[in-house]
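Accompanying notes for the structure given below.
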Amino acid sequence: MRSFRIASCCLLIVASSSLAVSAADKLVGIHSAIAVSQSLPIIAREAGLFRKYNLDFDLVLMRSSSTATAALVGGDADVGLIGGIGIISAYVQGAQDFIFIGAVKNHLTHSIVARPDIKRPEDLKGKRIGVNRIGSNNHYFALQVLPRFGIDPAKDVIFRQTGGDAADVAALLNGSVDASAMLTYGQSAVAQGYHYLIYGPDMRIPYAAAAFVTRRSILAKRSQVIGQFMRAMAEASKVFHSDRETTFRILTKYLRINDRKILETTYGNEVKAMDPKLEMKPEALQAILDEVSITDARAKKVSVRQLTDRRYLDEMEKSGFFETLWGTKH
């Protein structure tokens, strides 16, 4: 009889453990690049923040805004941390279930990194420039900055798709491109003898470069779960901005950058551009609407207000969550 009671207790413990695991809310997220600005979900996972907010969170990498957008449309993911171009283009074309709920970075920080013999931006004429994909953030950056130096992106240069991330460095090293529009691994290329031809972080070109997006239909059914996710992201942002040693440890693994000086420079380029409280800047979204409107006039009829839902940002502000997290500094 005693052994039966012990066995029953063991079964209850196992059952209770199973219930605790199943009680966590399942959420699937997408990010579109291995980048500092898309590292908050990684930081949240490593810091145990998803457990804190009772989330069973899976993060999937899809290496462009357009493919990430397709996955969100198809219901393969619930939330994304991606560049805004794919989402806004889809919205303009009729996918108006999309909604932006926060942002990490509201302007571009890419640069053009080139061979040593290319001395001036004007020397890019006739050259091959690497981009992640046509339509990606770094392609958009190139389209915006090249005309400032008298270069017509449609006529004067040849864009080559590299696949992005560390592939940008490989494309430079193997000579398949002469220069590359780069983000995370620009400093890695500089360390190998290439140089910043056009340094983008100082230009502060408005653009929703890394934003949180979901669907209205998900908010209607799972508003509380998305709210838990946004609080986890807010706490991850605090870690990112205030605990450099923890952040560097996580970024070393995530970015596969083992050189501390390169990592510090890469982090330094991005941290100044990342909004601590996940604020969405209207001009960043408007910049994409303006770009889309060049080829699709329907974008002119879409307002930034239609694209955004501030419920989580406003709730964290009004409830005192941000004040508790940050104090009064931010």
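List of remarks:
- Residues of the stretch 307-330 classified as exposed (fewer than 13 other Cβ atoms within 10 Å of the Cβ) and either within 20 Å of Ile99 (Cα to Cα) or of a type in the set (A, V, I, L, M, F, W, C) (or both), total: 1
- Of the residues making up the stretch 158-175, none is modelled with pLDDT of 95 or more, farther than 22 Å from Ile85 by Cβ, surrounded by fewer than 16 Cβ atoms within 10 Å (Cβ to Cβ) and touching a helix residue (DSSP H, G or I) at 6+ places or on another chain (Cβ under 9 Å).
- Some residue of the stretch 182-191 being in contact (Cβ under 8 Å) with a residue 60 or more places away in the chain, under 30 Å from Gly94 (Cα atoms), small (Gly, Ala, Ser) and surrounded by fewer than 24 Cβ atoms within 10 Å (Cβ to Cβ): no
- Flag for Ser223 being in a helix (DSSP H, G or I), open to solvent by 10 Å² or more (accessible area, probe 1.4 Å), under 18 Å from Leu278 (Cα atoms) and polar (S, T, N, Q): yes
- Just one of (1) in a helix (DSSP H, G or I); (2) free of Cβ contacts under 8 Å to residues at least 40 places away in the same chain fails for Val145. It is (2).
- Boolean, Val131 is over 22 Å from Leu40 (Cβ atoms) and buried (at least 24 other Cβ atoms within 10 Å of the Cβ): yes
The values are calculated or read from the model by the stated rules, or taken from the named source; none is laboratory data. Keep in mind it's a predicted model, so treat the numbers as computed, not measured. For neighbour counting, all protein chains shown are included, and Cβ atoms are generated from backbone atoms with ideal geometry for every residue, glycine included. These accessible areas exclude ligands, DNA and RNA; they are computed on the full protein's heavy atoms, side chains included. Shrake-Rupley method; radii C 1.70, N 1.55, O 1.52, S 1.80 Å.
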